[in-house]
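Reviewing the structure listed below.
The values are calculated or read from the model by the stated rules, or taken from the named source; none is laboratory data. Since we're looking at a predicted model, the values are computed, not measured. Ideal geometry is used to build each Cβ from the backbone, glycine not excepted, and the neighbour counts take in all protein chains shown.
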Amino acid sequence: MDKVFVQGLEVLTTIGVYEWEKGIRQKIRFDLEMGYDNRPAAAGDDISKALDYAALSHKVTAYAEQNHVELVETMAEHIARLILTEFPVQSVKVRLTKPAAVPNAAGVGVEIERFATRNLRD
């Protein structure tokens, strides 16, 4: 399966379980990988048949900025569902990193992979 990816998409949002976190915006980083058939776009050198990763990045950014959750696990699930619902992808892998969560660590987070339930050939 072909993959389209967005690496290092940084967003400022309110995320965290502690009271002090609920009053601030923190940076989170998304690494996104989508299963998408690139052959039609490549065959005709046709951007209209390619996955629009700029639009996808914009939607993910807007969602994360506007929707506040406590857990990185929750945000990752919401982003995966958003991508599978709004874009014609077969799968999505979401790696969400919270860079400043643990002292002496470059970041902590989660990685999930979800699959489309619809038949994309219809």
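Restricting to segment 11-38, and then to whatever is of a type in the set (Asp, Glu) and out of contact with any Ser or Thr (no Cβ under 9 Å at 6 or more places or on another chain), can you tell me which residue is farthest from Glu111 (Cα to Cα)?
Once the filter is applied, the top-ranked residue is Glu19.
Out of curiosity, is Ala64 closer than 16 Å to Val4 by Cα and at pLDDT 95 or above?
Taking the combined requirement at face value, the residue does not satisfy it.
Within segment 97-106, does at least one residue satisfy the condition of being under 18 Å from Phe5 (Cα atoms) and surrounded by 11 or more Cβ atoms within 10 Å (Cβ to Cβ)?
Yes; the residues of segment 97-106 include at least one that is under 18 Å from Phe5 (Cα atoms) and surrounded by 11 or more Cβ atoms within 10 Å (Cβ to Cβ).
Any residue in segment 46-59 that's touching a residue at least 12 places away in the same chain (Cβ under 8 Å): show its pairings with residues that are charged (D, E, K, R) at Cβ separation under 7 Å, as long as the two are six or more apart or on different chains.
Listed by first residue and then by second, the contacts come to Lys59/Glu86.
Having 2 or more residues that are closer than 19 Å to Leu9 by Cα, out of contact with any Asp or Glu (no Cβ under 8 Å at 6 or more places or on another chain) and among the hydroxyl-bearing types (Ser, Thr, Tyr) is the bar; report the helices (runs of 4 or more DSSP H) wholly within segment 35-122 that clear it.
Fully inside segment 35-122 and qualifying: 53-66.
State all residues of segment 7-41 that are free of Cβ contacts under 8 Å to residues at least 40 places away in the same chain, within 24 Å of Ala54 (Cβ to Cβ) and either among the acidic types (Asp, Glu) or surrounded by 13 or more Cβ atoms within 10 Å (Cβ to Cβ) (or both); if no residue qualifies, say none.
Glu10, Arg25, Asn38, Ala41
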